[in-house]
1. For region 27-43, does any single residue satisfy the condition of being touching a Ser or Thr at 6+ places or on another chain (Cβ under 8 Å), under 26 Å from residue 132 (Cβ atoms), outside the structural domain of residue 160 (by TED's automatic domain parsing) and buried (at least 16 other Cβ atoms within 10 Å of the Cβ)?
2. Kindly evaluate residue 45 against the criterion of being of a type in the set (Lys, Arg), in a helix (DSSP H, G or I) and under 26 Å from residue 126 (Cβ atoms).
3. Of all residues being under 20 Å from residue 199 (Cβ atoms) and assigned to a loop (DSSP other than H, G, I, E, B) in region 158-179, which is nearest to the chain's Cα centre (by Cα)? Just the residue, please.
4. Yes or no: region 85-97 includes at least one residue that is at pLDDT below 95, in a helix (DSSP H, G or I), outside the structural domain of residue 165 (by TED's automatic domain parsing) and acidic (Asp, Glu).
5. For region 1-24, what are the residues that are in a helix (DSSP H, G or I), hydrophobic (A, V, I, L, M, F, W, C) and either more than 11 Å from residue 62 (Cβ to Cβ) or without any contact (Cβ under 8 Å) to a residue 24 or more places away in the chain (or both)?
6. When you go through 113, 133 one by one, which is the residue that is among the basic types (Lys, Arg) and either part of a helix (DSSP H, G or I) or in the same structural domain as residue 209 (by TED's automatic domain parsing) (or both)?
7. Can you name the residue in region 48-69 that is assigned to a strand (DSSP E or B) and β-branched (Val, Ile, Thr) and, of all such residues, is nearest to residue 108 (Cα to Cα)?
Amino acid sequence: MLSQTEENYLKAIGKLAGEAGAVGTAELSKALNVSAPTVNSMMKRLDEKGLVSYKKYRPATMTEKGRKAAAGIIRRHRLTEMFLQEKMGFDWEQVHEVAEQIEHVSSPAFFDRMDEILGFPRFDPHGSPIPDRHGEIKKRHLKKLCDAVSGQQVELVALDNTTNDFLAFLNKRGLTIGALLTVKSVEPYDGSMEVMKNDGEVITLGMQVCRDLLVEII
């Protein structure tokens, strides 16, 4: 059994490590808003449990055991977010905090049943992939909206920023997962874009927003 704190660390490592499977203590310290000594202490504990490979002053590397554990926690979190939105009517900016609590329920059968009820979704409300029951993740090669060029039509399929402020910003502009956008123009000076939505409305998006929107070219 892992403590909630240990699970939170594993989830953070799983998200930050990426394909390289390693993450520095400074990056973890910033992400979790804790001191570097606190991170070092936890890394030693996770190393003793065989979940990470860690040596002081070097990045922590996820072991296969740790990778599966992290994927399981992420699976529980993202399934819960989807259930809250699809079955309980929560908005996408409301689901994260509730899922943070429910993800620590240690019952695989509970989440397998949730998965079945939802029809085995591959992605959560923000477009992030949901690991399957074996810890495998469906990978996609997405582009950032800022990489699209004038005249291209794209589908918004995921977000690289899921903070409540950013989700509220998207809500005000009527941008949701699945939205079809046509790039009307790109401003050379600052990279801002004019895009046309499904309903014909043309809106302007700044460079940072365009970097946080992940799309597929149609």
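1. no
2. Taking the combined requirement at face value, the residue does not satisfy it.
3. Across region 158-179, the extreme among qualifying residues is 177.
4. Scanning region 85-97 turns up at least one residue that is at pLDDT below 95, in a helix (DSSP H, G or I), outside the structural domain of residue 165 (by TED's automatic domain parsing) and acidic (Asp, Glu).
5. 12, 16, 20, listed by residue number.
6. On the way: 133 fails: either part of a helix (DSSP H, G or I) or in the same structural domain as residue 209 (by TED's automatic domain parsing) (or both).
Going through 113, 133 in turn, the sole match is 113.
7. Taking region 48-69 as the starting set, the residues that turn out to be assigned to a strand (DSSP E or B) are 52-53, 60-62.
Adding the requirement that they be β-branched (Val, Ile, Thr) leaves 52, 61.
Numbers: 52: 23, 61: 26 Å.
Step by step, filter region 48-69, then rank; the result is 52.
The values are calculated or read from the model by the stated rules, or taken from the named source; none is laboratory data. Note that the structure is a prediction, hence the values are computed from the model and not measured. Positions of Cβ are generated from backbone atoms using ideal geometry, with glycine treated the same way; all protein chains shown enter the neighbour counts.
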